[in-house]
Amino acid sequence: MKETWRWFGPKDPVTLQHIAQAGATGIVTSLHHIRTGDVWPQADIQERKKIIEDHGLEWAVIESIPLHNDIKTRTGNYLQLIENYKQSIRNVAAAGVFDVCYNFMPVVDWTRTNLSYSLPNKSQALRFEMSDFAAYDVYMLQRPGSEQSYKPDVLAKAKARLDAMSEEEKALLEKNIIAGLPGGEGSYDRDGIRAAIDQFIQMGDEGMRANLFAFLREIIPVAEEVGVRMAIHPDDPPFSLFGLPRVVSTADDARALLNAAPSPANGLTLCAGSYGARCDNDLVAMAREFGDRIYFVHLRNIKREDDGSFYESDHLDGDNDMVGLIDALLDEEARRDKSGSKLPKIAMRPDHGHLMGDEIGKSGINPGYSFAGRMKGLAELRGVIHALSVIRAR
Ligand code: DNO
């Protein structure tokens, strides 16, 4: 597997030098300064690529070329926006970057309610707590009909949580949920998120799925022509938020979207922490079933709770069978080698990490994307990959 690392660009406090020291060889990044929907200019792509290569690293994966909401709803200027997206795909291919991650989440990208959940050893993890999310949705945002999205016990807990929260805590909860997390799309104020939810809520799962498939049918032939592999990232978390449709959450969803535009260019990002936040997603089975279409993996673990809440645990300690998953991915790589496939090694990145050591309290650290926590995760995962590879070679 190819060890990669997410880098948020020249302003990221974790530098390319740090990443090289952590031992990763591939960089996962995006041109965050380009407005969503605009074409990625050749010159900007080349400039970014050069900075990466000057550090002896390779731009392995683009995460992400984000989709404008109008493409997801097929309203407004979506036809032009799709043409722009096609051009961006051609431009990244011309620069020699062939793996593109993207997602089809409505309104909000990845979402957590608590960005500094304290663990027993006083390091901090990211957490999604269902009752906190419900407290925001039902009592602060007051989305019409929102009570119907939650079980009575979650609602009761949400009300109690809200009553106990100070104004500062409420403001922080709102910011965590709607202001957008690093690398995510969509940053709103309260009125803005209401308007965005209204735009999507009528579509339902079928409407949303139809729009995803329509997008794939337009984009995949272009990607295939220029040799780009599109790797869709699942919904994070993999269930409805704000009553909105989410259609990339399960193995059935993945199967359907791969079948909607059959092509080697139509692939998956297997995000273990996202798919794995549902107990009905069997990650090892998914890696085996979708193996030849998995181009990128996010290795992250979580501990799930009964009501849908979870927190991000240590990479090797959680509800995801990380060793089983890596084993299945190594089998897939062996299968590719045997069949003479020209695909590169599967790019993996240690996804998120705990905030620990002297990074606690430092400003400017991207939630989930500190240096030490990810380096710890990478080192642990590298150990598993190494051990399984040695055993295979015996
Ligand atoms: C969070 C990430 C997401 C992801 C995008 C993919 O840590 O996994 O920001 O990059 O949703 O498009």
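Here are some notes:
- Of all residues in region 268-316, those that are among the hydrophobic types (A, V, I, L, M, F, W, C) and either under 19 Å from W5 (Cβ atoms) or within 16 Å of the ligand (Cβ to nearest atom) (or both) total 13.
Conditions tested, residue by residue: (1) within 22 Å of A231 (Cα to Cα); (2) assigned to a loop (DSSP other than H, G, I, E, B).
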residue	(1), (2)
G308	no, yes
Y311	no, no
L316	no, yes
N320	yes, yes
L325	yes, no
L330	yes, no
R336	yes, no
K342	yes, yes
K345	yes, yes
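- Close pairs from region 227-238: first over 19 Å from R127 (Cβ atoms) and open to solvent by 10 Å² or more (accessible area, probe 1.4 Å), partner away from the ligand (no atom under 11 Å from the Cβ) and part of a strand (DSSP E or B), Cβ under 9 Å, at least 6 apart: R229/D99; R229/N266; R229/G267; R229/Y295; H233/L268
- Test: H55 is open to solvent by 20 Å² or more (accessible area, probe 1.4 Å), in contact with a Leu (Cβ under 9 Å, 6 or more places away or on another chain) and within 16 Å of the ligand (Cβ to nearest atom): no
- I193 vs. criteria in contact with a Lys or Arg (Cβ under 7 Å, 6 or more places away or on another chain) and away from the ligand (no atom under 16 Å from the Cβ): no
- Matching option when the condition is over 20 Å from T25 (Cβ atoms), surrounded by fewer than 18 Cβ atoms within 10 Å (Cβ to Cβ), among the acidic types (D, E) and in contact with a Lys or Arg (Cβ under 6 Å, 6 or more places away or on another chain), among D307, D319: D319
- Between K72, K86, the distinction of being away from the ligand (no atom under 16 Å from the Cβ) and either charged (D, E, K, R) or under 18 Å from the mean Cα position of the chain (by Cα) (or both) belongs to K86 only.
- Inclusion of V14 among residues that are closer than 17 Å to I232 by Cβ, open to solvent by less than 50 Å² (accessible area, probe 1.4 Å), touching a residue at least 60 places away in the same chain (Cβ under 8 Å) and of a type in the set (V, I, T) is not warranted.
- Residues that are touching a helix residue (DSSP H, G or I) at 6+ places or on another chain (Cβ under 7 Å) and of a type outside the set (A, V, I, L, M) do occur in region 256-263.
- Test for D137: is it crowded, with 19+ Cβ neighbours inside 10 Å and outside any strand (DSSP E or B): yes
- Residues (open to solvent by 40 Å² or more (accessible area, probe 1.4 Å) and out of contact with any Asp or Glu (no Cβ under 8 Å at 6 or more places or on another chain)) located in region 21-32: Q21, H32
- Counted residues, region 97-110 - those being closer than 16 Å to Y295 by Cα, part of a loop (DSSP other than H, G, I, E, B) and open to solvent by 10 Å² or more (accessible area, probe 1.4 Å): 1
- Reported count of residues in region 111-134, each being within 13 Å of the ligand (Cβ to nearest atom) and either aromatic (F, W, Y) or in a helix (DSSP H, G or I) (or both), is 1.
- Which numbered condition I302 misses (of (1) over 30 Å from G96 (Cα atoms); (2) surrounded by fewer than 20 Cβ atoms within 10 Å (Cβ to Cβ); (3) touching a residue at least 12 places away in the same chain (Cβ under 8 Å)): (2)
- Where L172 falls short, out of the listed (1) touching a residue at least 40 places away in the same chain (Cβ under 8 Å); (2) of a type in the set (A, V, I, L, M); (3) assigned to a helix (DSSP H, G or I); (4) under 30 Å from S64 (Cα atoms): (1)
- Residue match in region 174-182 (condition: crowded, with 20+ Cβ neighbours inside 10 Å and more than 30 Å from P10 (Cβ to Cβ)): no
The values are calculated or read from the model by the stated rules, or taken from the named source; none is laboratory data. Because the structure is predicted, anything quoted here is derived from the model rather than measured. Counting neighbours? That spans all protein chains shown, and the Cβs are built from the backbone with ideal geometry, glycine included. All accessible areas refer to the heavy atoms of the entire protein, side chains included, with ligands and DNA or RNA removed. Shrake-Rupley method; radii C 1.70, N 1.55, O 1.52, S 1.80 Å.
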